[in-house]
Every structure is written in structure tokens, then in C-alpha cells.
Amino acid sequence: GPGAALLSLNNVEVIYDDVILVLRGLSLTVAEGQIVALLGSNGAGKSTTLKAVSGLLPSEHGEVTDGTISFRGEDITRVDAAQRVTRGMSLCMEGRHVFEHLSVAENLVAGAYTRSGKESAEDLDKVYEFFPKLADMRARIAGYLSGGEQQMLAIGRALMARPTLLMLDEPSLGLAPLLVQEIFGYIKRLNTETGLTVLVIEQNARRALEVADHGYIMEQGRIVLEGPAAELRENPDVKEFYLGLG
Ligand code: ATP
């Protein structure tokens, strides 16, 4: 039920190229029904954390060498990426990664590869209902959409797997402030209207802490500060180092 741990990382260690320690005993919890923001400066290890959670490690370069990742009470540390999607986690990658030569509708259907045809037709209707702009643009080629529209499409595609946990890698990347606000507005609505649990990594700490329930700040591969988002927004160190002076 709400409040229980949906995802937890326990002392996770990731090593790249056999020698570079990128996650150094990272622990964090995402409670069911929450939006959790994982913040930190460039190179802190945020993307690596999402890769470890989604099963994109081991890769050619790196692997989880210690610690455990649990999802819905089960140890998934060694479960493959496709299985994790089937079990209910969906990743929306940085830089959007839509299929540029496919239409909006085809991109969305591609996100439903883990589901049956009948289920995915229903899910498609739901995504169009939630993002009416995508419905209007269903026949357009994705490569010609604006940055904000592509981000919306990438989120819609991730939703087509009907996730319990949606993970977003820098949804604000490259977007103008107004669009950032719009995208975060959608993320908040998905959470409040459908109960979707969200883990979002961001360099735009201000925006992320406005919509999040809980925040974690990481530096050099471990968590250095955590707390309710409202507290982090008022924390003097967070203000100085992550929110800027303005
Ligand atoms: P960014 O916002 O720049 O993506 P981040 O917090 O997401 O930063 P990561 O991308 O996880 O950080 O990178 C953490 C560290 O791991 C960095 O020092 C980076 O140079 C290194 N790193 C990332 N990918 C690899 C790789 N494939 N091989 C070796 N080192 C890597």
C-alpha cells in the first residue's frame, strides 16, 4: 500500500572499466505513491543509478559489484532489463530517444512491446486522453516534433508499458523554462491522478523539488543529504549549492 517501499537500493556499488568506482555504497528508498527526486551535480552518478535500477548494467563498461536492488519486495539485482519492465518499471531516457523516423502513434505502440494487443489499444487511448496534444499529432513523424513534444512522447511511450514505477532521466534537459514547467506539471498530475510512483533525476533541482515529495542529493557516488522535498528547499546548503542564489 501507499508509503511502503516500492524500490530500495541497499549499499549499491558500481564499477566502470574494472577500476572506476562510480557508485560507492548508494542507498535510497522510493515509497509507493511518491515522487522522489535524485539530485546532484554533473558526474555525481545519477544516470548510473538509473541504469543499475533498470538493468542496463552489466554493460560493456560497467557492472553492479556489490549491494542489492529490491523492487516490490523482491531482489532484482541480477534480473535482466526486459524482466524488470514486465514487473513494472519503465525508464524514460535522457535526450528523449524517440524513434525519429516513426510516427507518434508508432512510437507509442513500440512502448507496449511487453503487453498484449488488446491491452495496448486501451493503454494508447489512456495516453491520448492524458496527452491530448499527442492525439492531435498521432500521424506526425516524431523527428519533426519540438523538444517539449518529444519529451511528452517519450513519457507517453514509457507509460505504454503500464509501469508501477516511472523513472525519468533529466526530463527538463534542453527545454525552455515554460516547457520545463509544463512537463513537470504532467509528471505531478500522473502521480496525483493515477497514483504512479516516480523517480526523477535532475540537475534542475529547483523545479524537481517543487513537485517531489522526497529528495536525495548525491555526490561522488553516494547520498550526502536526504529529506522531505519541502525541507530540502529550505536547507541553507541546498540553497547555496543546488538552487543557486536567486
Ligand atoms: P550527468 O548529469 O553528467 O549524466 P550523472 O550524475 O548522471 O551526471 P553519471 O553519468 O552516472 O553521472 O556518471 C558518473 C561518473 O561515471 C562520471 O565520472 C562519468 O565520467 C563516469 N562514467 C559514466 N559512464 C561511464 C562509462 N561508460 N565508462 C566509464 N566511466 C563512465
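The values are calculated or read from the model by the stated rules, or taken from the named source; none is laboratory data. Predicted, not measured: the structure shown is a model, and the values here were computed from it. Every residue, glycine as well, gets a Cβ built from its backbone with ideal geometry; the counts of neighbours run over all protein chains shown. All accessible areas refer to the heavy atoms of the entire protein, side chains included, with ligands and DNA or RNA removed. Shrake-Rupley method; radii C 1.70, N 1.55, O 1.52, S 1.80 Å.
A simple spin-label model places the labels of Lys118 and Glu60 4.3 nm from each other, with each point 7 Å out along Cα-to-Cβ. Contact order for the chain, expressed relative to its length and based on alpha carbon pairs under 8 Å spaced 6+ residues apart, stands at 27 percent. The stretch 183-246 and the stretch 129-164 have their alpha-carbon centroids 24 Å apart.
Using the crude model of +1 on Lys and Arg Cβ and -1 on Asp and Glu Cβ, and no other charge, please compute the dipole size for the stretch 12-141 relative to its Cα centre, in debye to 20.
Computed about the Cα centre, the dipole is about 320 debye.
In the stretch 4-163, a dipole from Cβ-located charges (positive for Lys and Arg, negative for Asp and Glu) runs towards its positive end, and of Ala52, Ala105, Tyr128 it is Tyr128 whose Cα lies farthest in that direction. Each of Ser70 and Tyr144 was given a label point 7 Å from its Cα along the Cα-to-Cβ line. The distance between the two points is 5.1 nm. Assuming charge only on the beta carbon of Lys and Arg (+1) and of Asp and Glu (-1), the dipole of the chain about its Cα centre is about 480 debye to the nearest 20.
Summarise the accessible area of the chain (1.4 Å probe, protein heavy atoms) by the percent that is carbon and sulfur. Intermediate values should be presented prior to the final figure.
Values: 5840 of 11570 Å².
About 50 percent, which is the carbon plus sulfur part of the accessible surface.
Residues whose amide H comes within less than 5 Å of that of Leu173, counting only those at least five positions distant or on another chain, are absent (H built at 1.01 Å from N in the peptide plane).
How would the stretch 165-224 be classified by its alpha-carbon gyration tensor: rounded, prolate or oblate, with rounded meaning a/c under 1.5 and the a/b versus b/c comparison settling the rest?
Numbers: a/c = 2.04, a/b = 1.23, b/c = 1.66.
Because a/c hits 1.5 or more and a/b fails to exceed b/c, the stretch 165-224 counts as oblate.
Farthest toward the positive end of the dipole of the chain, out of Gln203, Ser27, Thr86, is the Cα of Thr86, where the dipole comes from beta carbon charges about the Cα centre.
Roughly what percent of Cα-Cα pairs across the stretch 20-95 reach past 20 Å? Before the final figure, lay out the partial values.
Working: 854 of 2850 pairs.
Beyond 20 Å sits 30 percent of the P(r) for the stretch 20-95.
One equal scatterer on each Cα of the stretch 70-165, no solvent, Debye formula: the resulting log10 I(q)/I(0) at q = 0.12, 0.22, 0.23 Å⁻¹ is -0.38, -1.07, -1.14. Computed about its Cα centre, the charge dipole of the stretch 1-79 is approximately 280 debye, with only Lys, Arg, Asp and Glu carrying charge at their Cβ.
Quote the FRET efficiency, to the nearest 0.05, computed for Ala230 versus Glu193 with a Förster distance R0 of 25 Å and r equal to the Cβ-Cβ distance.
On the way: r = 21 Å, r/R0 = 0.85.
Result of the calculation: an efficiency of 0.70.
Between the alpha-carbon centres of the stretch 83-124 and the stretch 1-66 there is a gap of 23 Å.
Starting from the exponent 0.38 and prefactor 2.2 Å, build the expected Rg for the stretch 7-56 from its residue count and divide its actual Cα Rg by it. Don't jump to the answer; show the numbers that get you there.
Values: Rg = 11.4 Å, N = 50, 2.2 N^0.38 = 9.7 Å.
In units of the 2.2 N^0.38 Å rule of thumb, it is 1.17.
Sorting 50-62, 144-156 by average packing, meaning the other beta carbons within 10 Å per residue, from highest down gives 144-156, 50-62.
The mean accessible area for residues of the stretch 33-93, using a 1.4 Å probe and ignoring ligands and nucleic acids, is 43 Å² per residue. Volume per residue of the convex hull around the Cα atoms, evaluated for the chain, comes out as 123 Å³.
Taking one quarter of the surface of the convex hull spanned by the alpha-carbon atoms of the stretch 126-246 gives a direction-averaged projected area of 8.4 nm². In this structure the stretch 141-234 gives 39 Å² per residue of accessible area when probed at 1.4 Å with all protein chains present.
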